[in-house]
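Heads up: the structure comes next, in structure tokens.
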Amino acid sequence: MVQFHIQPDSDIPASTQLFNQIRFAIASRQFPPGHRLPSTRALAMQTGLHRNTISKVYRQLEDIGLVDAQAGSGIYVRAQGSELSGARLRSPILEQHPQAYKVVQKGLDELLNQGCSLNQARELFLAEIDWRLRCSARVLVTAPGQDIGVGELMTQELEQALRIPVQLVPMEQLSDALDQAHSGTVVTSRYFIGEAEATAAPKSVRVIPIDIYNYAKEIHLVRSLPKDTCFGIVSLSSGILRAAEVIIHSLRGDDLLVMTAQTGDAYKLNALVRTARTIICDQASAGAVKTAITAARDDLIRPPQVVPCENYIGAESISLLKRELGLS
């Protein structure tokens, strides 16, 4: 069971600490789609927060489209994109082609009668459709312009894993980019899924949410660091750095001195490698961190331990994308 930790004496509001931790649990699929969030009572007992504070956090999560409140039942993680059951009933395509569902249903029934399972039938449909779209389909990664670094990180990892061109589009420019294409797939983190779907849905463009790495090994490392250790985090993404700081503070309070730097900020990066004993970085930042350490080697009594994370995008999400794009 996911445990939440709140530092009551922190300058960071308790609601902000809890909001960041729950959002991370959803984005890393520790709370998968359909998962029922703890009741306000249960979470109050675990964290010591007032139930009104927890209700406020749940409303914030609902406002950004990550959870749904079901009267008399509870708060559930919202399914997104291709995870939605019954999404075909709301598809604008059916408004233009009202008989399309019957055609699809008839073809599916025939495959099932021949002994295919639902999963096999799905693979057959996707393989045929994706084969026809492959020449014209585009994969677009989107993220807010203020945190375009996380988009760069996703783009790099997807190009390496899928071995196809991937276009990075700031969220603010996504609508214009989709107007220029007749087909394509938008990929984004669950952190930004609500805004991406709001832009893509009216254009009948599918959005596939990716699950991020859960950082279990890195969190274990943070828990085990001695008190007063200077600890560094380096990433392409300013948003990842902000979220990590809040989560680490929730775990350790003021026990650790946490320094952060974006990969492109040479001044902060050089200061960090000269001060931190342990540095966690994403894969895309590992080369820059090692280069900075090499440049500062004459000033270092002992080089810091560098711990590159696993890829930001979870392995299951990569497998899903390969199937959806007809690449596996």
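Observations
Residues checked against (1) more than 30 Å from Asn311 (Cβ to Cβ); (2) in contact (Cβ under 8 Å) with a residue 12 or more places away in the chain:
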residue	(1), (2)
Phe31	no, yes
Ser39	yes, yes
Met45	yes, no
Val57	no, yes
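- Among the numbered conditions (1) at pLDDT 95 or above; (2) open to solvent by 30 Å² or more (accessible area, probe 1.4 Å), the only one that Gln283 does not meet is (1).
- When each of Leu126, Leu158, Leu174 is tested for being in contact with a helix residue (DSSP H, G or I) (Cβ under 8 Å, 6 or more places away or on another chain), modelled with pLDDT under 90 and in a helix (DSSP H, G or I), the lone residue that passes is Leu126.
- Residues of region 154-188 that turn out to be surrounded by fewer than 19 Cβ atoms within 10 Å (Cβ to Cβ) and hydroxyl-bearing (Ser, Thr, Tyr), as a count: 2
- Restricting attention to region 1-48 and to residues that are touching a strand residue (DSSP E or B) at 6+ places or on another chain (Cβ under 8 Å) and assigned to a helix (DSSP H, G or I), the residue that is nearest to Glu316 (Cα to Cα) turns out to be Ala27.
- Selection from region 197-220 of residues that are closer than 25 Å to Val246 by Cα and under 18 Å from the mean Cα position of the chain (by Cα): Pro209, Ile210, Asp211, Ile212, Tyr213, Asn214, Tyr215, Ala216, Lys217, Glu218, Ile219
- The set of residues from region 49-65 being touching a strand residue (DSSP E or B) at 6+ places or on another chain (Cβ under 7 Å) and open to solvent by less than 40 Å² (accessible area, probe 1.4 Å) comprises Tyr58, Leu61.
The values are calculated or read from the model by the stated rules, or taken from the named source; none is laboratory data. Since the model is a prediction, treat every value here as computed from it, not as a measurement. So basically every Cβ, Gly included, is an ideal-geometry build from the backbone, and we count neighbours across all protein chains shown. Note: areas computed on protein heavy atoms with side chains; ligands, DNA, RNA excluded. Shrake-Rupley method; radii C 1.70, N 1.55, O 1.52, S 1.80 Å.
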